[in-house]
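Accompanying notes for the structure given below.
Values quoted throughout were computed directly from the atomic coordinates according to the rules given, and no laboratory measurement underlies them. Just so we're clear, the structure is a prediction, and the values are computed from it rather than from any experiment. So basically every Cβ, Gly included, is an ideal-geometry build from the backbone, and we count neighbours across all protein chains shown.
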Amino acid sequence: MSFSPFRFSAYAVAAILLTACGQSSDNPQQSAGTQQPSASIVTRNNVTEPQSLDPHQITGVPEINIVRDLLEGLVETDETGAIIPAVAESWESADNKIWTFKLRPDARWSNGDPVTAEDFVYSWRRLVDPKTASQYASYLQAAKIANIDDILDGKKPADSLGVKAVDPHTLQITLTAAVPYFPQMLYHAATKPVHRATVEKYGVKWTQPENFVGNGAYVMDKWVVNERIELVKNPQYRDADHVKIERVVFVPIGSQTDDVARYEAGEIDITDALPPEMYAGLQEKYPQQLKRSPYLCTYYFEINNQKPPFDDVRVRKALSLALDRDIIASKVLGRGEEAAYNLTRVGTSGFVPYDPEWRKLAYPARVTEAKKLLAEAGYDENHPLTFNFLYNTSEQHKKISIAAASMWQQAFGFVKVNLENQEWKTYLDNRRSGNYQIARASWCGDYNEPSTFLNTLQSDNSSNRAFYKNPEYDALLAQTLQAGISDQQRAEYYTQAEVLIDRDTAIIPVYGYVNSRLVKPRIGGYSDKDVLNELPSKRLFIQP
């Protein structure tokens, strides 16, 4: 059955919202805060069971949320997202190429061992070692640490990485290019240290509660798979006197409606993202408890550029043209999200967005152009375009996937989209291996600078799951780190990179995130000013 391609918002959106809105078995009528949990415990929804809690084996936000509490790197962020000292009490560089970090003498592992510069040397070598097979190995490549390219290519050993312990409390890092924002990159989970003796003794089991040794504000106490992970305050933590919450519980609630219901039942103190269809009502019901803030994160459709039919740029471009991002942002979601036309989130420091010419066309004209492209690629009523669309289990992802599929099917009439729903770990594995055609994806800034987004599409970047290969793009990003380049010139190169992404339709940007949660009145320390959306539990406290 075919429909008019321009009536989507009137009918399909309503159907999507009604279909995806389910009832919870919990009692949603209980008012928020009717139950009073222990004052020393905070319970947080973390959406899904983590893939791992090894900082060198993770890529997703659910994993990073927990690792942030368990391990501490050289730097961390404050409530505004600004970089502040952590294990490192200070750092300096005369040329932005050789950096020296001075470590705190009072930093300790949870077993009492001192945290030393050698711990970071070992950990970063482990991160880039091909034997570790870390998906974030190329993170240090983006940082331009000496010898990283040859290490990842197997030409040099991991111990040749340009990082050394000058003494127990002095870490020196040598870069091959001047990276002025290098310290900003070092709060990310991949750069956090691991305890060598523990890792070498227990292998992959080192993250189990009975084996775990960390240097963060909390240590692991319990891990009940698919039920909860419980952390307790680490008495050895360097700043333990200022950690007010004694126990933190992370629970994997994938359903946003269930999340709200359990919040209202008093079982959850901090929700994850709120259901779009409930947002207005929750805002009215809990005006002081609903917290909304900008979020340095872009939702996009990841295209396997190497797999038919998406190895043809005309097919990729046609789908991009026929996607009405404004409908998805305002009607399917409607929590303040913004339609996206760049991979880099608008609002990222130092970024000047690119506005594609085709965006100025009315939607019907865009569909007409899209049909021409598909016809040139050999697709029409007699030769329909069929492909699979992968998304991980989530009410929100399901709604967006249905909306996109409906737009494409209605716009063209000869496009069939097979929606594939997979659990988180399977979904991640298939994206990494390239076992997909098009998938929902998102990228949240590892630091507040455009390269955190744009580096992910470099040909040899381990996070390039779109398998986009463009030497012109790679060369453009390389120019951003030339000696003597100004901030304005760097910004111009970033904008040009977005031009190439759009020209090639390497991915399809959909919308820019906002962060919206319910937070119990008793919880203090929650910041709505941090665009990086960092929320370490040590920042929280119980209000009097």
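Brief remarks follow.
- Label point distance in nm, Val166-Lys529, each placed 7 Å from Cα along Cα→Cβ: 3.4
- Charge context of Ser401, other residues only, Cβ under 10 angstrom, K/R +1, D/E -1: +2
- Each principal axis of the Cα cloud of segment 300-514 was taken in turn, and the coordinate range along them, longest first, works out to 56, 37, 34 Å.
- Estimated inter-spin distance, Asp150 and Glu210, nm [label 7 Å along Cα→Cβ]: 4.5
- Mean-position separation - Cα centroids, segment 499-524 and segment 302-355, in angstrom: 11
- Value of relative contact order over segment 276-395, rounded to a whole percent, pairs C-alpha under 8 Å and six or more apart: 28
- Highest to lowest packing among 117-125, 186-194, scored as the average C-beta count within 10 Å: 186-194, 117-125
- Between Val224 and Glu284, the simple label model (points 7 Å from Cα in the Cβ direction) yields a spacing of 3.7 nm.
- The charge dipole of segment 300-514, taken about its Cα centre with unit charges on the Cβ of Lys, Arg, Asp and Glu (plus for the first two, minus for the last two), comes to roughly 520 debye.
- Anisotropy class of segment 404-542 from Cα gyration tensor, a/c 1.5 cut: oblate
- Gain on full stretching of the segment that runs from Ala491 to Glu376 - 0.36 nm per residue minus C-alpha separation: 37.8 nm
- Listed values for segment 358-371 are Karplus-derived 3J(HN,Hα) couplings in whole Hz (6.51 cos²θ - 1.76 cosθ + 1.60, θ = phi - 60°), namely 5, 5, 6, 6, 5, 4, x, 5, 5, 5, 4, 5, 5, 5, and x replaces Gly and Pro.
- Subtracting the Cα-Cα distance of Tyr202 and Ser433 from their residue separation scaled by 0.36 nm leaves 80.4 nm.
- Between Ala478 and Arg503, the FRET efficiency estimated from the beta carbon spacing at R0 = 22 angstrom works out to 0.75.
- Estimated [θ] at 222 nm from DSSP helical runs (n ≥ 4, -39500 (n - 2.57)) normalised by residues in the chain, nearest 500: -8000 deg cm²/dmol
- With contacts taken as Cα pairs under 8 Å at a separation of at least 6 residues, the chain carries a relative contact order of 22 percent.
- Added length on full extension, which subtracts the Cα-Cα distance from 0.36 nm per residue, Asp95 to Thr426: 114.8 nm
- Working from Cα pairs under 8 Å separated by at least six residues, relative contact order for segment 473-544 is 23 percent.
- Alpha carbon convex hull of segment 282-407, volume per residue in cubic angstrom: 148
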